[in-house]
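Since the structure comes first, as structure tokens, the remarks are kept for the end.
Bear in mind these aren't lab numbers, they're just calculated from the coordinates by the rules spelled out. Here the structure is a predicted model, which is why all the values come from computation and not from measurement. Cβ placement follows ideal geometry from the backbone for every residue including glycine, while neighbour counts extend to all protein chains displayed.
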Amino acid sequence: MPETGGRLLRGNVLWLSVVSFLNDSASEMIYPLLPLFLTQVLGVGPAFLGVLEGVTESASSLLKLAGGWFADRFGRRKPLMVAGYAIATFGRPLIGVATAGWQVLGIRFADRVGKGLRSAPRDALLTDSVPEARRGAAFGIHRAADHAGAVVGPLMAAGLLYFYHDRLRLVFLLAIVPGLATLAALLWKVREEGVRAVARDASAAGLPRPRLRDLGPAFPRYLAVLFLFTLGNASDAFLLLRARDAGVADAMIPLLWGALHVSKMTFNVLGGRLGDRIGPRIPIVAGWLVYAGVYAGFAVVAVQWQVWALFLVYGLFYGLTEPTEKALVASIAPAGQRGSAFGAYHFAIGLGALPASLIFGLLWERMGAPAAFGAGAALALVAALLLPLVLPRGRGPRSAEAAA
């Protein structure tokens, strides 16, 4: 049964958070170093980085849509999660033996396939494990653990680089160790919540393919504005390149990335609780406005201290939006179709990820970094102005749905 007591950090909330912590520790041993590896070791440019990030994230989101539907169809979440984390665990370290950009593209594609399979079922399982009034806090705790792993991962990478004299490939290969710990925690500690009657009935009758109109009138409008925002939300890998251009040393890049995730971790807990208290609409709008301001700052950043300050403020954007966006999805969607709803949510984000990173990379190469960051800031500002128009006024998603 879902947890109703005062202590939220137990059961699936605890162990799904541990799984995400360990998995992100493995992933973030690699990710902040990947732009440097691609540009300095393999000799590719920002445009290829845009292609890599856009293609892999979009493919991931296509699978998130399918993964969510299958989780609803069979009423089980954990098998898809195990498959997804296993693909990432064993595929990700292979970047350590890559010798060309297209090989990294293929490995990252496999890693994102794993993410696509696991994300929507995991979010649906977390939703089923807590009462409705605690969803924002639960998602905030989960995302905070995820970002804590993204602090530990770069620190481990920085330590390995210090002792092994900048051997990037060795760091990538050693990422399999926390990956294996991820699988162990998932297999032994995460439990499948009792299958809801509505899920059993849908499985027996044959759940139809997901249609947005079945998820409520407010849901498609929300996804449309989210897609618009995502068009200006290019891969964070570009922030790392911008940091290097502003004078941040290569050895400091993992620490900068870790500092960002400390900020994300702190603000996610606060943002989730705020969303439970006042509803998700205001925190989401505020987060998108913060994003616009941070990207405007990156357009003109010139010295190292400004980079560090912008990275720390950037964590506020994540804290205000990550838990509240998911809590909004959980509350709008019908109980038997939450897997499909989370799949559609992730799909909308991924659908915008490909053109976002492609356009950003091309703007950077042809017009310079200020133009690319300025375009991202403008799209975020427009989305923030539109969201209150498509989600009617109210304390939370339930009232938004009723007013629609």
Checklist outcome for this item: Among Leu117, Pro79, Leu155, the residue whose Cα sits farthest towards the positive end of the charge dipole of the stretch 44-199 (+1 at Cβ of Lys and Arg, -1 at Cβ of Asp and Glu, taken about the Cα centre) is Pro79
Next on the checklist: Counting only other residues whose beta carbon sits under 9 Å from that of Met81, what net charge do I get with K and R as +1, D and E as -1?
Outcome noted: +4
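Take peptides 22-31, 81-90 and line them up by average Cβ neighbours within 10 Å, highest first, as a rough protection proxy.
22-31, 81-90
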Next on the checklist: Give the lysines reachable from Lys264 as a straight Cα distance under 18 Å; neighbours fewer than 8 places away on the same chain don't count.
Outcome noted: Lys326
Checklist entry - How much length is gained if the chain between Asp245 and Leu180 is pulled fully straight, taking 0.36 nm per residue apart and subtracting their Cα-Cα distance, in nm to one decimal? => result 19.9 nm
Checklist entry - Most fluctuating residue of Lys189, Lys115, Lys326 in a GNM of the chain with Cα springs under 10 Å: which is it? => result Lys189
Item to check | Segment Trp188-Val300, extension gain: residue separation times 0.36 nm, minus the distance between their alpha carbons | outcome: 35.4 nm
Checklist outcome for this item: Within the under-11-Å Cβ sphere about Gly96, not counting Gly96, Lys/Arg +1 and Asp/Glu -1 give a net charge of +3
Next on the checklist: Cross-link candidates for Lys64: which aspartates and glutamates have Cα within less than 12 Å, leaving aside residues fewer than 8 places away along the same chain?
Outcome noted: Asp123
Next on the checklist: For the chain, take the longest principal axis of its alpha carbons; what is the angle in degrees between that and the long axis of helix 78-91, to the nearest 10 within 0 to 90?
Outcome noted: 10
Checklist entry - For helix 11-27, what angle does its Cα long axis make with the longest principal axis of the chain, in degrees from 0 to 90 and rounded to 10? => result 20
Checklist outcome for this item: In degrees, nearest 10, the alpha-carbon axis of helix 253-278 is tilted away from the dominant principal axis of the alpha carbons of the chain by 20
Next on the checklist: Highest mean first, how do 247-254, 372-379 rank when packing is the count of other Cβ atoms within 10 Å averaged over residues?
Outcome noted: 372-379, 247-254
Checklist entry - Simple spin-label model, 7 Å along Cα-to-Cβ: Ala110 to His165 in nm? => result 3.0
Checklist entry - In nm, what is the difference between 0.36 nm times the number of residues separating Ala133 and Leu42 and their Cα-Cα distance? => result 27.8 nm
Next on the checklist: I want the local charge near Thr321. Using Cβ-Cβ distances under 12 Å, sum +1 for each Lys or Arg and -1 for each Asp or Glu among the other residues.
Outcome noted: +2
Next on the checklist: With a cut-off of 8 Å between alpha carbons and a minimum separation of six or more residues, what is the relative contact order of the chain in percent?
Outcome noted: 29
Checklist entry - Relative contact order of the stretch 44-202: what whole-number percent is it, with Cα pairs under 8 angstrom and at least 6 residues apart? => result 35
